[in-house]
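Dropping the structure in here first, questions after.
The values are calculated or read from the model by the stated rules, or taken from the named source; none is laboratory data. Because the structure is predicted, anything quoted here is derived from the model rather than measured. Because the Cβ atoms are built from the backbone with ideal geometry, glycine has one as well, and the counts that use them run over all protein chains shown.
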Amino acid sequence: MKLLWLGVDVSRVLHLAAVFCLTCVLLKAIQLFHRRRELIRALADFPGFPTHWLFGHVHEVGESRIWMQKYPHAHPMWFGSFSAFLVVTDPDYAKVLLGRGGERLCKTCLACVSPGNGLLILHGPKWHQHRKLLTPGFHYDVLKPYVDLMAESTNVMLDKWEKLTADGKSVELFEHVSLMTLDSIMKCAFSCHRHQPAVVI
C-alpha cells in the first residue's frame, strides 16, 4: 500500500532519505578510518603510552609530567580515536621541526588553534586592514603606563625561579608563566593588586 502526500510516494522518499543518510555515515566512517591510519603511520616512530580504543589519552592528560620524564624528547597524544598531536618537549626536536617548513607548520598550527580570520593567520591586504584597525589600541603611549606593572609581575616570577633553581634542578615553566600572565592581566585590566600570588586551579 502506497502512502501518498501531494501526489508523492512518501515511503519511497523516506527510503531514499535513509539510503542517503547511511551513505553519508559510511563515507564519514571511511574518511575517519583513513585519517586514523595516516596519523598512526605518521606517529609510528615516536614511542608513547598505550591508548584507549575510544578515548585515546584523554583520561591521562593530567599526567603529562610523568610522560615527559619517560619520553623526554617527543611523544604522541591522542584525543579520541581520530585526533592526535605530537608533543615536542626537547628544544633540539622543536628546532628541527620548525626549521623544515616552519612557516607552513606554524600557519597550520595557528589555523587549528584559532580558525577564522584572525590577525595571526591573515596576510596581504586583509592583514594590513586589520593591523591598521588594531594599531591605535596598542600604541606605545597607550601601553606605557602598564610597563611598570608587567615588569613588577615579571620580577616576582624571576625571583621565584632564582629560589627554585638554586639547587640546580629543572623547573616546569608553564604554571609560573601562567601565574605571571594572570597577575599582569589583573593589574592592568582590573586594577587588582594581590598581596598573595594567584593560584592556578
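Give the residues of the stretch 142-167 that are closer than 18 Å to Ile185 by Cα and free of Cβ contacts under 8 Å to residues at least 12 places away in the same chain, sorted by residue number.
The answer is Val142, Leu143, Lys144, Pro145, Val147, Asp148, Ala151, Asn155, Leu158.
Right, another one. Among the residues of the stretch 129-186, which ones are hydrophobic (A, V, I, L, M, F, W, C) and over 30 Å from Gln69 (Cα atoms)?
Leu133, Leu134, Phe138, Val142, Leu143, Val147, Leu149, Met150, Ala151, Ile185, Met186
One line per residue, one yes/no per condition, for (1) at pLDDT below 90; (2) of a type in the set (S, T, N, Q); (3) surrounded by fewer than 12 Cβ atoms within 10 Å (Cβ to Cβ); (4) closer than 30 Å to Asp90 by Cα:
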| position | (1), (2), (3), (4) |
| --- | --- |
| Phe20 | no, no, yes, no |
| Lys28 | no, no, yes, no |
| Leu39 | yes, no, no, yes |
| Asp45 | yes, no, yes, yes |
| Phe55 | yes, no, no, yes |
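Just checking, how many residues over the stretch 129-154 are among the basic types (Lys, Arg) and either under 22 Å from Cys192 (Cα atoms) or touching a His at 6+ places or on another chain (Cβ under 7 Å) (or both)?
Counting residues in the stretch 129-154 that are among the basic types (Lys, Arg) and either under 22 Å from Cys192 (Cα atoms) or touching a His at 6+ places or on another chain (Cβ under 7 Å) (or both) gives 1.
Go through Asp90, Asp159, Asp167, Asp148 for me and flag whichever is of a type in the set (Asp, Glu), at pLDDT below 90 and surrounded by fewer than 12 Cβ atoms within 10 Å (Cβ to Cβ).
Result: Asp167 is the single residue among Asp90, Asp159, Asp167, Asp148 that is of a type in the set (Asp, Glu), at pLDDT below 90 and surrounded by fewer than 12 Cβ atoms within 10 Å (Cβ to Cβ).
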